[in-house]
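Have a look at the structure below before the remarks.
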Amino acid sequence: MTGKGKKINDIGLSREDYKGKPSTLCLGCGHNAIVGQIISACHELNILPESLIKVSGIGCSSKAPTYFMDRSFGFNGLHGRMPSLATGALFADTSLIGIGVSGDGDTASIGMGQFKHVTRRNLPMLYIVANNGVYGLTKGQFSATAEQGLALKKQGQNRYVPVDIVWEAIAGRASFVARSFSGDPQQLKALIMAGLHHKGIAVIDVISPCVTFNNHDDSYHSYAWGKSHEVALHELSFVPPVQAIKVQYAEGETINVPLYDGTHILLKKLAHDYEPTNRAGALEMLEEANNRNELITGLIYINPKQSTLFDLYDLPDIALNRLPAEKLRPSPESLAEINQIMY
Amino acid sequence: MAQTQSKKPVQRRLSGVNEFSINIGTENGSGSQTANLTILRAIFKMGVPVSGKNIFPSNIQGLPTWYKIRVSQSGYGGRRKEADIVVAMNPKTFTADQGDLVKGGLFLYADDIKDPIERDDMILVAMPVKKLVKEAKPHRDLRKFVANMIYVGVLANLLGIEMEPIKAALDYHFKGKESPVEFNIKMIERAYQWAEENLDLEIPYKIEPRDLTGNAILVDGNTAAGLGTIYGGMHFVSWYPITPATSLPEAILEYAPKLRLDPETGKSTYVIIQAEDELAAIGMCVGAGWAGLRAMTATSGPGLSLMAEYASLAYLSEIPIVIWVVQRVGPSTGLPTRTAQGDINLAYYLGQGDTKHIMLIPGNVKECFEFGWKALDLAEKYQTAVFCLSDLDLGKNQWMTEPFEYPDTPIERGKILWEEDLEKIKDEWGRYRDLDGDFIPYRTVPGNIHPKGAYFARGTGHDEFANYSEHPEVWRKNLDRIKNKIDSSKADIPEPVITKIREAKNGIIAFGSMDAALVEALDYLKADGVKLNYLRLRSLPASDQVLDFIRSHEKVYVLENNRDGQMHGILSLELPEKAQDMISIAMLDGLPINAEWIREAVLNEETD
């Protein structure tokens with residue numbers, strides 16, 4: 001080991017092997033930090049880049065997949081409609097890992113419908129929302145997550161109450177819902193790792209400041225506000241299966257959430273005494289935190305046992321897109337029978 | 001085009017034995033479809049060619065609905081303007097239904113309708129519907145439904161429809177469930193007996209058993225298209241309910257579980273998913289198509305409008321998908337339960353920018369099956385969106401047709417590279433590089449773990465290696481290649497069907513469900529002394545054969561079921577030098593165009 005970038009993981013790949021094209025986002029953009037943590041998480045989890053697909057919609061956030069994992073298939077689709085793209089694609093080979101990167105406009109405005117339906121269907125994928133409360137590429141309009149009263153240069157004051165993506169995801173029956181802050185890289189990476197091992201949809205709402213259009217100290221989506229108002233629910237670590245045996249769970253101080261594949265999420269209690277497995281409790285906690293003007297981060301809701309979209313289909317072991325042609329066309333005899341009954 | 005007066009009367013050789021039409025007016029939701037299909041199927045079982053059209057409202061229960069049965073041993077399947085027999089079961093349309101009858105036709109009606117009989121040239125039969133139903137003592141809930149069996153029984157008696165095929169039809173309808181079959185048969189027999197004892201009529205209409213249906217089948221176009229898709233090896237269907245397309249994916253839901261389980265493992269070799277809207281339905285298809293699945297969706301005009309942006313993405317990023325469009329009347333919500341060919345322009349050019357898609361246009365239900373599988377092959381071969389344009393008349397009505405033919409070519413997956421293929425490929429592969437000089441690049445699909453296999457698909461400008469590019473030359477070159485690729489499909493897409501007659505100087509072009517009525521109209525016109533060569537267009541972009549047909553005729557009529565003559569416009573753009581010789585014959589009122597109207601419209605032009 002001669003440096004961070006040179007560290008070789010268990011499948012013989014260095015961090016370099018997980019990189020994408022150089023970012024063309026603004027210097028200091030929160031989204032770059034998200035990209036960095038996706039790269040680190042995938043590297044540390046020994047994910048073969050070719051076994052992962054990355055999809056996105058339209059917007060600054062949706063450019064992000066270009067900047068990580070060049071060796072993975074990617075599709076930069078339409079505004080607000082990444083979930084449908086991901087649904088069709090992941091059915092082709094259900095062993096693929098899916099990462100979707102969306103934004104607050106892409107998810108909470110134009111894409112709200114598809115967002116709610118992909119959570120409801122519990123499509124196994126990691127769904128990251130890079131949430132900055134503002135439209136970047138069209139240069140500084142309010143998004144649906146912008147707080148009421150926010151003042152922006154050209155737009156004046158925001159009249160409307162914001163959409164809370166975490167609340168919507170929980171109400172939409174997503175099976176893994178978290179919030180993080182791109183100024184909190186350690187927590188973000190742990191959540192991404194856990195999300196990648198979760199069986200079902202893992203939604204992470206990442207408050208990701210826009211340094212160009214929405215980073216005033218009093219803005220909810222700024223670095224300064226996030227740093228001074230963040231209340232982490234717990235100190236969170238993702239425990240791969242090898243280490244799981246060694247970890248001692250101190251009773252009363254930690255919550256251990258086992259995932260389906262033998263990995264664990266370990267939550268060390270902090271400010272709140274909080275169990276993330278209760279849907280109604282999660283919403284109540286969010287409402288209270290909101291009243292206290294806190295930016296709650298951490299794993300807010302998880303149900304590792306909820307059945308996924310793929311569980312509802314009796315698919316072959318071999319990927320659908322590798323089925324040989326002869327498996328796809330019924331026999332001539334079957335058509336003769338159909339012709340007999342058509343009347 | 002305005003309705004014109006006949007220059008010469010249509011020859012009345014269409015009323016008689018095995019040659020007549022029945023118009024049945026009932027109330028929506030009263031179960032009349034069971035009765036109507038029973039008549040239709042029984043006549044078919046007697047070996048006599050027959051077709052049925054449901055003229056229905058956008059409603060679950062209560063509004064008027066009609067069923068038109070065309071019995072034609074000459075094989076005509078189009079709608080007749082008038083009916084030889086009218087069955088009037090609905091008081092709300094009692095007066096109007098009298099207007100549909102030919103002079104001296106047979107008018108059957110429920111005797112509890114007290115509205116006035118306004119014509120004195122009809123053969124009247126007042127059926128004691130309520131009395132006969134009451135005597136049969138059906139369960140209270142069933143009264144309304146079995147009432148329709150009365151006209152089945154009366155018609156069976158008057159026309160000579162045999163009881164054996166009626167029973168077979170009911171068995172089929174109720175999938176062998178004994179009690180409804182038995183009760184309905186009893187009701188029919190009761191009505192038959194009443195007619196036997198009380199009616200003594202001289203009518204020219206009769207069903208005489210023939211051997212003219214051979215191994216033909218009776219089926220609707222949506223079922224045919226659904227089955228074609230299944231035999232085409234589709235992997236993925238996503239859809240959103242919309243009239244009149246819904247029964248297409250529903251046919252897949254019905255038949256795929258029987259046909260598409262892997263015989264070795266019993267696992268499902270396909271996925272069907274009802275999406276939250278048409279935006280998602282096509283989005284899922286594009287995702288699936290990108291990832292190497294043969295994907296299909298089905299919709300109608302309003303849904304097609306919503307699909308525009310994804311269609312444009314499929315075109316630019318070169319993703320194979322198939323979109324079935326079962327057209328209904330627009331603009332807007334229009335007439336959701338009536339037929340049209342009004343989305344030709346919308347489908348052909350769907351999407352922002354210079355999009356122009358491959359379009360297949362089945363002209364009968366057999367072709368709905370054939371194009372069902374062919375479209376999937378073409379989409380993968382040309383790596384693009386392929387549209388199949390059907391309509392309500394073709395998709396939702398019962399047509400007699402030759403049996404479905406098993407695909408005569410193997411499944412075509414196009415240029416897909418897997419790991420071992422990438423090892424073998426000599427030139428440097430790039431997702432959008434034209435290595436073969438045929439404008440069609442090679443593609444890889446997710447799951448391919450070769451280190452050089454992955455690429456980044458996008459709706460933005462890209463170079464041959466799929467990298468983002470705003471370079472003017474890169475953009476122009478790529479878009480030109482895509483245009484050439486689509487144009488090169490002309491050699492592969494279904495060629496036109498041309499029917500020539502001697503000494504014809506003029507021609508007529510039609511497509512889709514127009515065929516049935518036009519074939520009949522051409523016979524009338526021949527008798528009128530008007531000779532037309534007929535080209536049935538089956539795909540776009542228009543091939544040389546189509547353009548040669550236009551060039552080689554003095555005048556060419558383009559017949560279509562819309563207001564503005566959309567296909568006429570497309571063909572005029574293809575061949576501007578002949579545009580003035582192309583004459584649009586277009587009409588849209590929600591009903592299938594009939595032969596009489598076509599004849600009059602052509603005669604009007606010919607004598608101008």
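Just one of the listed residues (A:ASP164, A:ASP184, A:ASP205) is buried (at least 18 other Cβ atoms within 10 Å of the Cβ) and over 28 Å from A:LEU52 (Cα atoms), namely A:ASP164. Residues in region A:324-343 that are surrounded by fewer than 17 Cβ atoms within 10 Å (Cβ to Cβ) and either of a type in the set (Lys, Arg) or assigned to a loop (DSSP other than H, G, I, E, B) (or both): A:PRO324, A:SER331. Among the residues of region B:225-250, those identified as surrounded by fewer than 23 Cβ atoms within 10 Å (Cβ to Cβ) and either at the interface with chain A (Cβ under 7 Å from one of its Cβ atoms) or of a type outside the set (Ser, Thr, Tyr) (or both) are B:PRO241, B:ILE242, B:GLU250. Restricted to region B:270-293, and to residues there that are in contact (Cβ under 8 Å) with a residue 60 or more places away in the chain and part of a helix (DSSP H, G or I), the residue that is surrounded by the most Cβ atoms within 10 Å (Cβ to Cβ) is B:GLY289. Screening the candidates B:LEU394, B:LEU389, B:LEU422 for the property of being part of a helix (DSSP H, G or I), touching a helix residue (DSSP H, G or I) at 6+ places or on another chain (Cβ under 7 Å) and modelled with pLDDT of 95 or more yields one hit, B:LEU394.
Considering (1) crowded, with 23+ Cβ neighbours inside 10 Å; (2) among the acidic types (Asp, Glu); (3) modelled with pLDDT under 95, the lone condition that B:GLU428 does not fulfil carries the number (1). Take B:ASP528 and tell me if it is in contact with a helix residue (DSSP H, G or I) (Cβ under 8 Å, 6 or more places away or on another chain), within 17 Å of B:ILE598 (Cβ to Cβ) and surrounded by fewer than 21 Cβ atoms within 10 Å (Cβ to Cβ). It is true that B:ASP528 is in contact with a helix residue (DSSP H, G or I) (Cβ under 8 Å, 6 or more places away or on another chain), within 17 Å of B:ILE598 (Cβ to Cβ) and surrounded by fewer than 21 Cβ atoms within 10 Å (Cβ to Cβ).
Every listed requirement among (1) in contact with a strand residue (DSSP E or B) (Cβ under 9 Å, 6 or more places away or on another chain); (2) more than 7 Å from chain A (Cβ to nearest Cβ); (3) among the aromatic types (Phe, Trp, Tyr) is met by B:TYR255 save one, (1). Just one of the numbered conditions (1) assigned to a loop (DSSP other than H, G, I, E, B); (2) modelled with pLDDT of 95 or more is not true of B:GLU577: (1). Taken together, the residues in region B:325-359 that are within 12 Å of B:GLY303 (Cβ to Cβ), part of a strand (DSSP E or B) and of a type outside the set (Val, Ile, Thr) amount to 3. Taking the criterion of being outside any helix (DSSP H, G or I), touching a Gly at 6+ places or on another chain (Cβ under 9 Å) and within 23 Å of A:ALA146 (Cβ to Cβ), the residues of region A:113-133 that qualify are A:TYR127, A:ILE128, A:VAL129, A:ALA130, A:ASN131, A:ASN132. When you look at B:ALA375, is it closer than 21 Å to B:TYR442 by Cα, of a type in the set (Gly, Ala, Ser), crowded, with 24+ Cβ neighbours inside 10 Å and touching a helix residue (DSSP H, G or I) at 6+ places or on another chain (Cβ under 6 Å), yes or no? Answer is no for this residue. Restricting B:ALA457, B:ALA466 to residues that are within 14 Å of chain A (Cβ to nearest Cβ) and at positive phi narrows the list to B:ALA466.
Scanning region A:183-230 for residues that are touching a His at 6+ places or on another chain (Cβ under 8 Å) and assigned to a strand (DSSP E or B) yields A:ILE207, A:CYS210, A:ASN214. Restricting attention to region A:72-99, the residues being of a type in the set (Ser, Thr, Tyr), within 7 Å of chain B (Cβ to nearest Cβ) and not in a helix (DSSP H, G or I) number 1.
Regarding region B:319-334, can at least one residue be identified that is crowded, with 23+ Cβ neighbours inside 10 Å and of a type in the set (Phe, Trp, Tyr)? Checked region B:319-334: at least one residue is crowded, with 23+ Cβ neighbours inside 10 Å and of a type in the set (Phe, Trp, Tyr).
The sole residue among B:THR297, B:THR223, B:THR265, B:THR229 that is part of a loop (DSSP other than H, G, I, E, B), outside the structural domain of B:MET46 (by TED's automatic domain parsing) and either β-branched (Val, Ile, Thr) or touching an Asp or Glu at 6+ places or on another chain (Cβ under 6 Å) (or both) is B:THR265. Looking across B:ASP523, B:ASP608, one residue alone is out of contact with any Phe, Trp or Tyr (no Cβ under 9 Å at 6 or more places or on another chain) and either assigned to a helix (DSSP H, G or I) or surrounded by fewer than 20 Cβ atoms within 10 Å (Cβ to Cβ) (or both). It is B:ASP608. Restricting to region B:30-52, count the residues that are within 12 Å of chain A (Cβ to nearest Cβ), under 19 Å from B:GLY214 (Cα atoms), of a type in the set (A, V, I, L, M) and in a helix (DSSP H, G or I). Of the residues in region B:30-52, 3 are within 12 Å of chain A (Cβ to nearest Cβ), under 19 Å from B:GLY214 (Cα atoms), of a type in the set (A, V, I, L, M) and in a helix (DSSP H, G or I). B:LYS45: within 23 Å of B:LEU394 (Cα to Cα) and touching a Pro at 6+ places or on another chain (Cβ under 8 Å), yes or no? Yes, satisfied. Scanning region B:198-224 for residues that are more than 21 Å from B:MET122 (Cα to Cα), more than 12 Å from chain A (Cβ to nearest Cβ) and out of contact with any strand residue (DSSP E or B) (no Cβ under 6 Å at 6 or more places or on another chain) yields B:PRO209, B:ARG210, B:ASP211, B:LEU212, B:ASN222. In the set (1) surrounded by 18 or more Cβ atoms within 10 Å (Cβ to Cβ); (2) in contact with a strand residue (DSSP E or B) (Cβ under 9 Å, 6 or more places away or on another chain), A:LYS154 fails one condition alone, (1).
Any idea which of B:THR243, B:THR213 is outside the structural domain of B:THR299 (by TED's automatic domain parsing), more than 30 Å from A:ASP93 (Cα to Cα), in a loop (DSSP other than H, G, I, E, B) and among the β-branched types (Val, Ile, Thr)?
B:THR213
Looking at region A:298-323, which of the residues that are of a type outside the set (S, T, N, Q) and part of a helix (DSSP H, G or I) is surrounded by the most Cβ atoms within 10 Å (Cβ to Cβ)? Across region A:298-323, the extreme among qualifying residues is A:LEU320. For region B:425-444, the condition of being aromatic (Phe, Trp, Tyr) and assigned to a strand (DSSP E or B) holds for none of the residues. Applying a threshold of 8 Å to beta carbon distances and a minimum spacing of six or more residues, or different chains, the list of pairs starting in region B:345-370 at a residue that is on the phi > 0 side of the Ramachandran plot and ending at one that is not in a strand (DSSP E or B) reads B:GLY351/B:ALA308; B:GLY351/B:GLU309; B:GLY351/B:ALA311; B:GLY351/B:SER312; B:GLY351/B:LEU313; B:GLY351/B:TYR315; B:GLY353/B:SER312; B:GLY353/B:LEU316.
The values are calculated or read from the model by the stated rules, or taken from the named source; none is laboratory data. All values reported here derive from a predicted model rather than from experimental measurement. Neighbour counts run over all protein chains shown; Cβ positions are idealised from the backbone, glycine included.
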